[in-house]
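The values are calculated or read from the model by the stated rules, or taken from the named source; none is laboratory data. These figures come from a predicted structure and were not determined experimentally. Cβ atoms come from the backbone with ideal geometry, glycine included; neighbour counts cover every protein chain shown.
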Amino acid sequence: MKRNSVIGLFSALALALATSTAASPAQAAAGDILCTAPSNDFSIYSPPLSLTPASTTVTITRDLNNCTSLSVPAITWEHVTVAQVTIPSYSCLTLLKTATTTITFHWNNGATSVVTGTRVVNLAAATLTTTVTGTLTSGLFTGDTFVYQLVGPSTDILACTLGLGTVSRIDSVATLTIN
């Protein structure tokens with residue numbers, strides 16, 4: 001009888017602890033989302049970027065397929081998202097400039113998160129690193145901060161900035177952290 005009382009007490013304590021520390025899906029919690037490799041982000045430029053600014057259609061395909069969430073464990077990936085936008089005056093030099101950007105993430109549990117942040121691009125040796133940081137402005141985890149980082153090869157971009165080629169596509173490994 002004494003053993004059942006102890007088990008019952010531990011069960012009640014575990015239930016009370018779980019209910020008091022669980023974050024509701026709309027609240028911020030440390031480590032809300034972490035998406036890591038093999039997540040990817042691909043950008044296709046049509047026509048390809050050159051040194052001369054021109055109207056370009058950018059098709060972005062994002063595939064965050066290795067996500068974990070401490071506060072919403074049902075989230076394990078983000079739907080493959082394809083976005084297309086035409087930019088009236090874009091070049092391989094414009095691509096390297098700091099800019100404001102908005103991204104919508106569509107989670108596998110049906111929720112969405114809209115982020116707005118600043119994109120900073122770093123071109124070093126053979127690597128292009130694009131980092132977007134900012135705040136979730138609506139949807140799941142509103143008010144949280146985020147870091148979305150893309151890392152890919154820079155060979156075509158380096159050649160383009162020297163007038164020796166064009167950029168038709170950028171393939172990157174993606175990571176996303178929402179806190």
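Summary of values
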{"read-out": "Selection status of Asn40, out of contact with any Phe, Trp or Tyr (no Cβ under 9 Å at 6 or more places or on another chain), modelled with pLDDT of 90 or more, on the phi < 0 side of the Ramachandran plot and not β-branched (Val, Ile, Thr)", "value": "yes"}
{"read-out": "Residue list for segment 33-62, filter: surrounded by 15 or more Cβ atoms within 10 Å (Cβ to Cβ), within 17 Å of the chain's Cα centre (by Cα) and touching a residue at least 60 places away in the same chain (Cβ under 8 Å)", "value": "Ile33, Leu34, Cys35, Thr36, Ser39, Asn40, Asp41, Phe42, Ser43, Arg62"}
